[in-house]
C-alpha cells in the first residue's frame, strides 16, 4: 500500500483537474483521467506512472502554488511513482532502498569495486592489475570468464524476476486482467509510445524542462541514454554469441561489430547521462520531488561511470592500465546490476505497464465511439 | 510608453508596441505568480477564418460571426467597432502562434475540435506565460506588484501614472499609455454601490487584482463611459469556492437535472428552461436575488453522473429530512416543495441531450425539461452562490482604440484595450471566447497606435 499522503493528495488533485481539464492536450494522463469520475488507489498509481514528468501542466496551471488549491501534479505523481517502485519491489526490505537511493547506490558501488579488487588480488595476485589485453583471452587472466559471467547472469536474472513480479502485481492492482497482457496491438502501441517518448513532447513543443520554456533537450538526451543502453546490450549479446558459437575470444578488433556497437552506445550513454545530469542541476525544483531526484542522479551517475569505464577499458586495453580498469569496470557493472531493481530502472517497467493500459483504454474508447 | 495591466490585452499591446519600436514599461498590479488578470482563467478565443485547419473544424465567416454577436447582445453593440473587431480577428491564430502561443489539436477519441473557437494548449495561463516570455525577450520592461492608483491626465492628455510599489508611491511619466487593466469585478466596495450588502456574498471567479482603479481614474479624468455600471456577468458557482480566483473548477452543471431551492426551501426559477450552456449565465443573477444570496441544487441518485464532475463533493443524504438538516433548511418546507414538484411532473422520456418532454404541469415556476421526480435516495445537493466573472462598465474608444472624452474628442495619448473597453462591443450578454478576441485585436491596435504616438 502506498502511504496515504501522496495517495490522498493525488486524489485531491485529480478531482480538481477533472473539473478543469485545461491540460488535456499535454499528454495521455488527462484523457485517461477524463475516463473516470472517481479515483481509486489502482487508478492513481496508473495515472502517476503514465506521467512522463514533462511539467507542462505545472506551468500552465492557474491553481499551482501559491494558489490556495496548491496544485502541483508533477511533484505529487513523482512521489507516488517512488511509492510504486518501493511497493512492487521484492524483497520488501530492499524496497526501502528507494528512499535513500543516492547513499545506498554510492555505498554499494564502492563496495562492489573493492570486492572485485580484493577477489582479483586474492585469486590472481597483484600482477593481474597491471596486465594488458593484446591476445585473445587476456581479459580472463584478470578475471576468469566464469567468474565474470556467472555472478552477472545470476544477479541480472534475479533483477528480471523482481521486475516481472512487480509488473504483474502492478497490473493486477491497477485493475488489469491477465488476458489483456496478451493483446499484441496494445503492446505495439505501447512500445511505439515508449520508444518514441511520445509523452515527453508535452503538447508538441517538448517538456517544460529544465525550466518554464519548452525544450526537446530532455527527450533527446533521454533517447541517447535509451538507445545507447540498447546498443550496449546488443554489443554484449553479440560478444556472447561470438564467444559461444563462433569460438572467437575477446578482445575483438576495434572495427568488429561488438566493439563498434559498444563504443557508439557507450558514447551515447556518456553524452546522454552527462546532459541529463547537467539539466537536472539547473532545473526548477518546484515541480520536482527531492527523493526522486536523488534516485535519478544516482542512476545517471551509475550509467555514466559504467560507460566511461567501459570506453576507457576499450581504449586502453592494450596498455598496462587494462587490469585495473577491468576491475573498476566490473565493479561498477556489478553495482549497476545489483541495484537495477532498486533504482530508477524500475520506471521502465511501470511506465510500460501504464502505457500498455493506456493503449488498451484508447482502443476501448475508439471501439465505443465507432460502434456508438 | 506605459501599459497598465498584465493580461491578454496588455500583453498584445506591449508586444505590438515593442515591435513597432517603442520603449515599453508594463505595470502589472499582481505579483508574478498571479500575473495575467482574468486571462489566467480563459481557455479559448473566437476568430474569423475561411477554412478549417488543425485546430478548428471548419470555416467561420464574417456574417455568421456578426449574427452571433447580434444575437447575444440584442444589437447593443457599436457596429463600426464590432466590424473592426471581426475583420481584425481574421486568422488571429497565426499571429498568436508567432508570439509563442500554442493551440490544442484534436484529441484522440474524446474531444472534438470546435469550429468557431481555438483552444489554448494548457489554457489561459499558458498563453499568458508565452506572451510574457515573448514580450520580455523583445525588451519590454515588466514591473510586478505595481498598482496604478491614479492618472495625471488633463483634457485627454496623459502625463504620468501614479503607481504604488513596495509601499511607496511613484509618479511614472510616459509619452503615451494603454489602459488594459480589466473591469472592477474584484472591487467589492464598488459592487456594493449597485448591489448593496448582497455584494458581500458574491464570489469573484477570477483575479483579485481586477479592482478597476484605472477604469475609475479614466472616468474621473473625463472619459466617456460605456456599458451599464450595474450589470455584470455572473454564474451560479459552488458556494464553497474561494472568495477569489476559483476559476473554472467551481462551476456546477447539475442545475438542469434537479430542483433549485433558496434559503426558505422554495423554488424560484425554471431549472430546465433551456440547454445549460444557454442558461448558465442567468443563474448568478437569480441566486443574487435570493435571501442571503444562497441557493441549493438538489438532485437524486439517478442524475449523479449526468454532468461534468465538480471540485467539491456533493452533500449527500438518505432522505429529504436529513438533507434539510444538512443544508439548514426548514424540513417541512423542503418536503412540501419537493412533494409539489414531484406531483407536477408528467410522464416523459428523459434525454439529457435533447430538450426532452419531461416537464411539470400546473407548477409555478415550471420546470420545462428534464423534470424527473426527486425520489431515488440518496439525494445530493450543491450549494450555490453568485460567481461574478466580469463587469460591463468601461470606457468608450474609437477605431484607433483612443479613449473618447466627454468633450466629444478622442484623448491625445490614452488608449484602451480588453475588458476595460469591451462594453463598446458587448453591451450585454456574452459570446464564448469573445473577451479574448477583443483583448487581442484591440490590444494590437492600441499598442501600435500608442507606439506611433510615443515615437512621433
*Considering residues of region A:63-93 that are within 14 Å of chain B (Cβ to nearest Cβ) and in contact (Cβ under 8 Å) with a residue 12 or more places away in the chain only, the residue surrounded by the fewest Cβ atoms within 10 Å (Cβ to Cβ)*: A:65
_I'm trying to understand the selection: among the residues of region A:25-59, which are facing chain B (nearest Cβ under 8 Å) and within 26 Å of the chain's Cα centre (by Cα)?_
A:25, A:26, A:31, A:56, A:57, A:59
*Looking at (1) within 13 Å of chain A (Cβ to nearest Cβ); (2) within 30 Å of residue B:283 (Cβ to Cβ); (3) in contact (Cβ under 8 Å) with a residue 40 or more places away in the chain, find the lone condition where residue B:107 falls short.*
(3)
*For region B:347-371, what are the residues that are surrounded by 13 or more Cβ atoms within 10 Å (Cβ to Cβ) and more than 35 Å from the chain's Cα centre (by Cα)?*
B:348
_All positions within region A:260-291 that are farther than 30 Å from residue A:6 by Cα and either buried (at least 20 other Cβ atoms within 10 Å of the Cβ) or touching a strand residue (DSSP E or B) at 6+ places or on another chain (Cβ under 9 Å) (or both)_ = A:261, A:262, A:265, A:266, A:268, A:269, A:270, A:272
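Name the strands (runs of 3 or more DSSP E) wholly within region B:40-146 that hold at least 3 residues that are closer than 26 Å to residue A:28 by Cβ?
On the way: elements: B:44-46, B:117-119, B:141-143.
Those strands (runs of 3 or more DSSP E) span B:117-119.
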*Count, please, the residues in region B:303-325 that happen to be loosely packed, with under 15 Cβ neighbours inside 10 Å and within 35 Å of the chain's Cα centre (by Cα).*
3
_Enumeration of residues in region B:46-77 that are touching a helix residue (DSSP H, G or I) at 6+ places or on another chain (Cβ under 7 Å) and either more than 14 Å from chain A (Cβ to nearest Cβ) or surrounded by fewer than 21 Cβ atoms within 10 Å (Cβ to Cβ) (or both)_ = B:46, B:47, B:48, B:62, B:65, B:66, B:69, B:77
*Any residue in region B:277-297 that's more than 9 Å from residue B:386 (Cα to Cα): show its pairings with residues that are at pLDDT 95 or above and part of a helix (DSSP H, G or I) at Cβ separation under 6 Å, as long as the two are six or more apart or on different chains.*
B:295/B:287; B:296/B:327; B:297/B:255
_Filter region B:246-274 down to the residues that are touching a strand residue (DSSP E or B) at 6+ places or on another chain (Cβ under 6 Å), in a loop (DSSP other than H, G, I, E, B) and under 16 Å from residue B:366 (Cα atoms) and list them by number._
B:258, B:268, B:271
_Given the condition in contact with a helix residue (DSSP H, G or I) (Cβ under 7 Å, 6 or more places away or on another chain) and loosely packed, with under 15 Cβ neighbours inside 10 Å, answer yes or no: does some residue in region B:112-133 qualify?_
no
*asked:* The conditions are (1) within 27 Å of residue B:42 (Cβ to Cβ); (2) in a helix (DSSP H, G or I); (3) touching a residue at least 40 places away in the same chain (Cβ under 8 Å), and residue A:52 fails exactly one of them. Which is it?
replied: (2)
_Please pick out the residue among A:74, A:91 that is modelled with pLDDT under 90 and either more than 29 Å from residue A:14 (Cβ to Cβ) or touching a helix residue (DSSP H, G or I) at 6+ places or on another chain (Cβ under 7 Å) (or both)._
A:91
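Could you tell me which of the residues A:329, A:364 is closer than 20 Å to residue A:156 by Cβ and without any contact (Cβ under 8 Å) to a residue 24 or more places away in the chain? First the steps, then the outcome.
Working: A:364 fails: closer than 20 Å to residue A:156 by Cβ.
It is A:329.
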*Test set (1) within 16 Å of residue B:328 (Cβ to Cβ); (2) in contact (Cβ under 8 Å) with a residue 60 or more places away in the chain - residue B:300 fails condition number*: (1)
*Go through (1) surrounded by fewer than 19 Cβ atoms within 10 Å (Cβ to Cβ); (2) at positive phi; (3) in contact with a strand residue (DSSP E or B) (Cβ under 8 Å, 6 or more places away or on another chain) one by one and return the number of the condition residue B:292 breaks.*
(3)
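If a residue must be within 19 Å of residue B:369 (Cβ to Cβ) and assigned to a helix (DSSP H, G or I), how many such residues does region B:275-333 contain?
Taking region B:275-333 and keeping what is within 19 Å of residue B:369 (Cβ to Cβ), we get B:275-283, B:286, B:297-300, B:302-308.
From the residues that got through so far, the ones that are assigned to a helix (DSSP H, G or I) too are B:276-283, B:286, B:302-303.
Number satisfying all stated conditions: 11.
The values are calculated or read from the model by the stated rules, or taken from the named source; none is laboratory data. If you're wondering where the values come from, they're calculated on a predicted model, not measured in any experiment. Positions of Cβ are generated from backbone atoms using ideal geometry, with glycine treated the same way; all protein chains shown enter the neighbour counts.
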